[in-house]
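The values are calculated or read from the model by the stated rules, or taken from the named source; none is laboratory data. Because the structure is a prediction, the values reported are computed rather than measured. FYI the Cβ positions are ideal-geometry reconstructions off the backbone, even for glycines, and counts take in every protein chain you see. We work out accessible area using only protein heavy atoms, side chains counted, and drop any ligands, DNA or RNA first. Shrake-Rupley method; radii C 1.70, N 1.55, O 1.52, S 1.80 Å.
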Amino acid sequence: MIHGLEIAPSVIEAIAAHGERAYPSEACGVAYGPLGAPAVTEAVALENVQDRYHARDPLRFPRTSRDAFRLDELEHMRLLERLENHRQAGKIIYHSHPDAGAYFSPED
């Protein structure tokens, strides 16, 4: 149990595999499970759109997907609606730190 959540080993494996696939960019996504229960049973990868923001306005968004993440807001909202319709809840927003240690950055 981590912070009151029971995370299935398959979820941890899916998140790790997503991080490997996304490298050298940060992977990001949502892990979820049954509404009202501590179980985290699934993870879904979401698109890291940080590079799009950086390309449009590098002064406001100086970081790229190599050292930052930004969830696609529409994709995230659609996922949350789907989960709610199936009595599921998003419980973890995850992201990787390629070529860096596991730590909480000021943005986290």
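For residues that are closer than 18 Å to F69 by Cβ, part of a loop (DSSP other than H, G, I, E, B) and either of a type outside the set (D, E) or at pLDDT below 95 (or both), tally how many sit in the stretch 28-52. Total meeting the criteria: 1.
Considering H76, H3, which residue is closer than 27 Å to D99 by Cα and free of Cβ contacts under 8 Å to residues at least 12 places away in the same chain?
Working: H76 fails: free of Cβ contacts under 8 Å to residues at least 12 places away in the same chain.
Answer to the check: H3.
The single condition among (1) open to solvent by 50 Å² or more (accessible area, probe 1.4 Å); (2) free of Cβ contacts under 8 Å to residues at least 40 places away in the same chain; (3) within 24 Å of D99 (Cα to Cα) that L46 does not satisfy is (1).
Taking (1) open to solvent by 40 Å² or more (accessible area, probe 1.4 Å); (2) of a type in the set (S, T, N, Q); (3) in a loop (DSSP other than H, G, I, E, B) in turn, S25 satisfies each apart from (1). Among all positions in the stretch 93-104, there is no residue which is surrounded by 14 or more Cβ atoms within 10 Å (Cβ to Cβ), assigned to a helix (DSSP H, G or I) and either at negative phi or out of contact with any helix residue (DSSP H, G or I) (no Cβ under 6 Å at 6 or more places or on another chain) (or both).
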